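Read through the structure below, which is laid out as structure tokens, and then see the notes.
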Amino acid sequence: MASGKRSCRGCIFYNSETGICFRYGIRIANPDDPFCAKLEGGRSSSLVPASGSVNYDSPPRGVTVSSSRVQAPRARSSMSVRRTQTLKKDLMEIGLEPTGIAGLDEILGGGFIRGKTYLVAGETGTGKTLFSIQFLLTGVQLNEPGVYLAIDEPSSHVIEGIRRFGWDVRPLIRKKMLQFLDMKEHFDKIYLKGGRIKIEPRYVAENILEHVERINAKRLVIDPIAPLMYTSQADVLWVREYLRELIFTLERKGDVTTVMTSEVPTGSTSFSRFGVEEFLATGIIVLALQELKGKVVRIMYIRKMRWSPVPPSKYIFRIEPGRGLILEGPLNVQY
């Protein structure tokens, strides 16, 4: 390849394992003849048409946990692994945190903005918790400890569930790379103290940050966010101010990236229980199930991504044990 010639190789939007350009939602036949060069007046591009299904001979890989560390898939060469790790570290240096979800980081231009808060919404069973755990495990891979705050179920149930899925996080917990907390165990006393129903969100955030600082965590998951607020839906103004103060206090630390999940009632058009969480989050990713041509598929809808040049878009994804969420391609390419 001639020096200075444009190529897809090394571009954050190009996934070499699938040949997909996530920026334009197409499959590139020849990475040394990129589509973007054609758009900008370069040579004609050798391009596979965007119609029909894309054949993935070697699907993108997620993050798996084996023994006491997060490992790259064995099928990938050591050179490929080193290149991936170097790219992720370069992204971190410019303030981006890779999610570890194959395909999504390419779409986002590298990952989430460090220190910001993101909402992952969806009906029950759509993969919100797996998304969150994959985000934390990717942090471990990059030597970034993480904290998972379990709200609706005991953290022991989450740990056992993801172990059955293929991710044994117990060694990571012993090494203090991950910490799983129960709201009932660590935060009930906050709400019960003095019989108060409404408490200062800053106090809740400071309690969370105490646990974050114990292991110098850089990633935080609150799964889900709504039960952390003891109030009624009618008190929307209080909820908005509560969340604003909670999120601002967490973001004030500057280097902790937060993912909070939100349960969406079946058939609802909202992205959260109170309808205000989405206004305060830097980004919103909606996970859903949808019937297309007689087949039920998983959809990832990037609804909002502040400060990132990502248009609202939908993608097909699948969930594989031990690998997690894997994007297969844009909805308009697959269907």
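Below, the figures for the structure above:
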item	result
Residues satisfying the stated conditions in segment 204-246, i.e. among the small types (G, A, S) and modelled with pLDDT under 80	A226, S232, A234
Segment 136-158, residues that are in contact with a strand residue (DSSP E or B) (Cβ under 6 Å, 6 or more places away or on another chain) and either assigned to a helix (DSSP H, G or I) or among the polar types (S, T, N, Q) (or both)	L136, L137, G139, V140, Q141, S155, V158
Enumeration of residues in segment 249-275 that are of a type in the set (S, T, Y) and modelled with pLDDT of 90 or more	T257, T258, T261
Check on E278, surrounded by fewer than 21 Cβ atoms within 10 Å (Cβ to Cβ), modelled with pLDDT of 85 or more and either assigned by TED's automatic domain parsing to the domain that holds G100 or assigned to a strand (DSSP E or B) (or both)	no
Conditions (1) modelled with pLDDT of 90 or more; (2) surrounded by 14 or more Cβ atoms within 10 Å (Cβ to Cβ); number of the one not met by P321	(2)
For R6: the one exception among (1) buried (at least 16 other Cβ atoms within 10 Å of the Cβ); (2) modelled with pLDDT of 75 or more; (3) assigned to a loop (DSSP other than H, G, I, E, B)	(1)
All positions within segment 146-181 that are in contact (Cβ under 8 Å) with a residue 60 or more places away in the chain and acidic (D, E)	D152, D168
Subset of segment 236-262 [over 17 Å from G139 (Cα atoms) and among the charged types (D, E, K, R)]	R240, E241, R244, E245, E251, R252, K253
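The values are calculated or read from the model by the stated rules, or taken from the named source; none is laboratory data. For clarity, every value in this text was computed on a predicted model and none was experimentally measured. Counting neighbours? That spans all protein chains shown, and the Cβs are built from the backbone with ideal geometry, glycine included.
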